[in-house]
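Heads up, the thing below is written out as structure tokens.
The values are calculated or read from the model by the stated rules, or taken from the named source; none is laboratory data. Keep in mind the model is a prediction, meaning the values are calculated, not measured. In this analysis, Cβ positions are derived from the backbone assuming ideal geometry, glycine residues included, and neighbour counts consider all displayed protein chains. When the accessible area is computed, the model is the full protein with side chains, heavy atoms only, and any ligands, DNA or RNA have been set aside. Shrake-Rupley method; radii C 1.70, N 1.55, O 1.52, S 1.80 Å.
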Amino acid sequence: SCLLAESWSGTLMDVMCKDKDLAGHTKECAVNCAKRGFGIVLSDGKFVKLDEAGNTKALAALKGTKKEKDLKATIKGMLDGGVIRVDSIAIQ
């Protein structure tokens with residue numbers, strides 16, 4: 001099967017907190033809850049998980065951003081079995 005690279009925009013959230021207030025969710029909380037992994041909450045409210053490499057990239061992006069909350073991000077990669085195989089993550 002041919003997987004094409006795609007792009008998703010939404011709010012980067014850890015799995016533990018994905019149902020919490022998106023705009024108010026802090027970077028500190030996301031970093032503290034990193035063990036369970038990350039995903040992106042899309043504009044329609046759907047949560048899509050990241051793969052292991054994506055979780056590592058998400059944590060690095062969070063640690064590198066000056067934003068404290070409202071962690072909007074663009075993720076590039078491929079959707080594979082409902083999980084994003086991440087190429088890159090950029091926090092806006």
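Just a few scattered comments:
- Residue within segment 1-8 that is assigned to a strand (DSSP E or B) and surrounded by 13 or more Cβ atoms within 10 Å (Cβ to Cβ) present: yes
- If the condition is being more than 15 Å from Gly82 (Cα to Cα) and hydroxyl-bearing (Ser, Thr, Tyr), then segment 1-57 contributes Ser9, Thr11, Thr26, Ser43, Thr56.
- Filtered residues of segment 27-36 (kept if surrounded by 13 or more Cβ atoms within 10 Å (Cβ to Cβ) and more than 13 Å from the chain's Cα centre (by Cα)): Cys29
- Here Lys20 fulfils each of the conditions (1) without any contact (Cβ under 8 Å) to a residue 12 or more places away in the chain; (2) within 12 Å of the chain's Cα centre (by Cα) apart from (2).
- The lone criterion from (1) exposed (fewer than 15 other Cβ atoms within 10 Å of the Cβ); (2) in contact (Cβ under 8 Å) with a residue 40 or more places away in the chain left unmet by Thr11 is number (1).
- Boolean, Leu50 is closer than 22 Å to Gly24 by Cα, open to solvent by less than 40 Å² (accessible area, probe 1.4 Å), modelled with pLDDT of 95 or more and touching a Phe, Trp or Tyr at 6+ places or on another chain (Cβ under 7 Å): yes
- Restricting attention to segment 58-77, the residues that are basic (Lys, Arg), open to solvent by 80 Å² or more (accessible area, probe 1.4 Å) and either closer than 11 Å to Ser88 by Cα or touching a residue at least 24 places away in the same chain (Cβ under 8 Å) (or both) total 4.
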